[in-house]
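Novice: Pasting a structure here, questions to come.
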Amino acid sequence: MSGALKDAAIRVERPAKTLRELALDKVREAIVSGYFRPGDRLVERDMCAQLGVSRTIVREVLRHLESEGLVANLPNKGPIVAQLDLDEAKQIYEIRGVLEGMAARLCAQRGSPEIVAALETSLQGIRDSYRDKDMPGVLAHTSSFYQTLFTMVDRHVAWGVVNLLTVRINHLRSMTIKTENRDIEGPRQMAKIVDAIRRGDGEGAYKAAMDHVAAASAIAEAVLSAKESAE
């Protein structure tokens, strides 16, 4: 047996994700899903026990989530789940509207059946997840829908910008998707985007994308305003 083959036989394969990455995914999901709510303290000792990891990993996870805007580190209080800010939410939806409208228009102009098929697959996943009351599934398929919208027309830079906001966008989505009739109206609005792209109607696709974001923004604003009034 050659040296190269002998080395391969005993090579330790790297896990798909490190323990830190797994812990990060768990805590991020716990915040987005509402397990940890805005304003909740994130006590390192308790999180070590909950996650089954070291304090070093917990600290790294909290620092990373702070950079994403999901965690705030308050003087004399320590890390807490960041409060969702109404003005910040409006700005996020403004950015979403501009970029998603652009991507939808470009998809329509591309005239690709593959784009339509991929979007329809994600949209069906959203409908199925709503039916099964699988909210994490709704979020995952929604992210897939928009990834297709950007990457299949080679707008990777724009997708990178959206991706930087994805965690905070999903935090907002986790509220809006639970509101009354959103399981019907959300997919219906997204279907209008797909229909316009199928027809090659760039302006129609742009308008449908903007209308969908505007509706989500109005819901988020109402939810956040109600929370602020109750505090």
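The values are calculated or read from the model by the stated rules, or taken from the named source; none is laboratory data. Computed from a prediction, not measured in an experiment: that's the story for all the values here. A quick note on method: Cβ atoms are made from the backbone with ideal geometry, for glycine too, and the neighbour counts reach across all protein chains shown. When the accessible area is computed, the model is the full protein with side chains, heavy atoms only, and any ligands, DNA or RNA have been set aside. Shrake-Rupley method; radii C 1.70, N 1.55, O 1.52, S 1.80 Å.
Novice: Pairs to check: Lys26/Lys192; Lys17/Lys192; Lys77/Lys133; Lys133/Lys192. Give those whose C-alpha atoms are more than 28 Å from each other in this structure.
Specialist: Check vs 28 Å cut-off fails for Lys26/Lys192; Lys17/Lys192; Lys77/Lys133.
Novice: Shape of region 28-70 from its Cα gyration tensor (a ≥ b ≥ c, root eigenvalues): rounded if a/c is under 1.5, otherwise prolate when a/b > b/c, or oblate?
Specialist: Oblate, because a/c is 1.5 or more while a/b does not exceed b/c.
Novice: Would you mind telling me the share, in percent, of accessible area of region 136-231 contributed by carbon and sulfur at probe 1.4 angstrom?
Specialist: 55
Novice: Same structure, new question: Treating only the Cβ atoms of Lys and Arg (+1) and Asp and Glu (-1) as charged, compute the dipole magnitude of the chain about its Cα centre; round to the nearest 20 debye.
Specialist: 520
Novice: Continuing with this model, one more query. Given a 1.4 angstrom probe, what's the average accessible area per residue across the chain, in square angstrom?
Specialist: 55
Novice: How large is the direction-averaged shadow of the alpha-carbon convex hull of region 169-231, in nm²?
Specialist: 4.5
Novice: In nm, to one decimal, how far is the Glu94 label point from the Val157 one, both placed 7 Å along Cα→Cβ?
Specialist: 2.1
Novice: Please work out whether region 19-125 counts as rounded, prolate or oblate from its C-alpha gyration tensor, where a ≥ b ≥ c are the square roots of the eigenvalues and a/c under 1.5 means rounded, while otherwise a/b larger than b/c means prolate and anything else oblate?
Specialist: Judged from the Cα gyration tensor, region 19-125 comes out prolate (a/c at least 1.5, a/b above b/c).
Novice: Please give me the summed charge of the neighbours of Pro79: other residues whose Cβ is under 15 Å from its Cβ, Lys and Arg +1, Asp and Glu -1.
Specialist: After counting each charged neighbour, the total is +2.
Novice: Please give the calculated 222 nm ellipticity per residue for the chain, where each DSSP H segment of at least 4 residues contributes -39500 (n - 2.57) and the sum is spread over every residue; nearest 500 deg cm²/dmol?
Specialist: Helix contribution divided over all residues of the chain: -25000 deg cm²/dmol.
Novice: Under a 1.4 angstrom probe, counting protein chains only, how are Ile184, Ile193 ranked by accessible area, largest first?
Specialist: Result of the area sort, largest leading: Ile184, Ile193.
Novice: Assuming a viscosity of 1.306 mPa s and a temperature of 10 °C, what translational diffusion coefficient in µm² per second does Stokes-Einstein assign to region 51-114, Rh being the Kirkwood radius over Cα pairs?
Specialist: Using the Kirkwood radius from Cα pairs, D works out to 105 µm²/s.
Novice: So, one more: Given a Förster distance of 45 angstrom, what is the FRET efficiency for Arg188 paired with Leu74, based on the Cβ-Cβ distance and rounded to 0.05?
Specialist: It comes out at approximately 0.65.
Novice: Counting Lys and Arg as +1 and Asp and Glu as -1, what is the net charge of the other residues whose Cβ lies under 15 Å from the Cβ of Arg199?
Specialist: Net charge around Arg199: +1.
Novice: Pull up all non-local amide H partners of Val71: gap of 5 or more, or a different chain, and H-to-H distance under 5 Å with H placed in the peptide plane.
Specialist: Glu66, Ala82
Novice: Would you kindly compute the Cα radius of gyration of region 79-231 and its largest Cα-Cα separation (Dmax), both in Å?
Specialist: 15.1, 49
Novice: Could you pull out every whole DSSP H run in the chain that spans at least 20 Å of Cα extent along its own axis and averages 0.0 or higher on the Kyte-Doolittle scale?
Specialist: Within the chain the helices that satisfy the rule are 19-33, 135-151, 156-176, 202-230.
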